[in-house]
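Accompanying notes for the structure given below.
The values are calculated or read from the model by the stated rules, or taken from the named source; none is laboratory data. Quick caveat: nothing in here was measured; it's all calculated off a predicted structure. Note that we place each Cβ from the backbone using ideal geometry, even for glycine, and neighbour counts take in every protein chain shown.
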Amino acid sequence: AQRVTQPEKLLSVFKGAPVELKCNYSYSGSPELFWYVQYSRQRLQLLLRHISRESIKGFTADLNKGETSFHLKKPFAQEEDSAMYYCALAYTGFQKLVFGTGTRLLVSP
Amino acid sequence: GAVVSQHPSWVICKSGTSVKIECRSLDFQATTMFWYRQFPKQSLMLMATSNEGSKATYEQGVEKDKFLINHASLTLSTLTVTSAHPEDSSFYICSARGDILEPQHFGDGTRLSIL
């Protein structure tokens, strides 16, 4: 069965420090992976998806099929990056999403 | 673009009543809509998938008679929690998508509290 694992519930860093939010997946098919972000009191919104291979708000994520990972990275964290981050995997022909448990990123000044 | 509106944002009602939650895509046609449930400090769990004009497909363990889903138009889906009980209290979130290759866009969620 498909599964997404985010091992860290909370990641706390100082402003300007590098950030890496870990995501590992388990899926027998060809994965389509996403990172969603939820800022305080706001809805869940798409941050990036692996097929786009783009950088959003300085964040990047590379799909590593050998390690079954899709870690989210940013070289210099900003206070406004503080939010809840969810990694998600699309399955059954991109129909459905399974979410990880989320990682709360806290960036301190 | 791609805004999804969910209403109401918060509802409190007595045990035994039925509650309807609406999910609307405001600026795009949603071929598919999804309903999720989120317990405190847990992840989103998919409840059902609905395509416009078709019956919803429920995930294993989700009671279709308890959670009625209607997707009568390309911009509106409703979730009705029938004869709600305290254990149905949760945060319900909908999402909508146009083309199958597009990502899902989420509503703000509805916090349901059953007394």
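Table: residues versus (1) away from every other protein chain (no Cβ under 14 Å); (2) without any contact (Cβ under 8 Å) to a residue 40 or more places away in the chain; (3) not in a strand (DSSP E or B).
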site	(1), (2), (3)
A:77	yes, no, yes
A:84	no, no, no
A:89	no, no, no
A:104	no, no, no
A:107	yes, no, no
**Q.** Whichever residue in the stretch B:92-115 is part of a strand (DSSP E or B) and over 24 Å from residue B:51 (Cβ atoms) and, among such residues, is nearest to the other protein chains (Cβ to nearest Cβ)
**A.** B:111
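Conditions (1) modelled with pLDDT of 95 or more; (2) within 26 Å of residue B:6 (Cβ to Cβ), marked per residue:
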| site | (1), (2) |
| --- | --- |
| A:12 | yes, no |
| A:40 | no, yes |
| A:43 | no, yes |
| A:49 | no, yes |
| A:64 | no, no |
| A:71 | yes, no |
| A:79 | yes, no |
Q: Could you tell me whether the stretch A:34-54 includes any residue that is outside any strand (DSSP E or B), among the acidic types (Asp, Glu), away from chain B (no Cβ under 14 Å) and at negative phi?
A: no
Q: Would you confirm whether any residue within the stretch B:40-54 is farther than 19 Å from residue B:109 by Cβ, more than 9 Å from the chain's Cα centre (by Cα) and not in a loop (DSSP other than H, G, I, E, B)?
A: yes
Q. Which one is farthest from residue B:35 (Cα to Cα), of the residues in the stretch A:60-75 that are assigned to a strand (DSSP E or B) and of a type in the set (Ser, Thr, Tyr)?
A. A:60
Q: Scan (1) surrounded by fewer than 18 Cβ atoms within 10 Å (Cβ to Cβ); (2) within 14 Å of chain A (Cβ to nearest Cβ); (3) within 26 Å of residue A:86 (Cβ to Cβ); (4) not basic (Lys, Arg) for the single condition residue B:8 breaks and write down its number.
A: (2)
Q) Which one is farthest from the chain's Cα centre (by Cα) among residues in the stretch A:6-32 that are part of a strand (DSSP E or B) and over 19 Å from residue A:92 (Cα atoms)? A) A:14
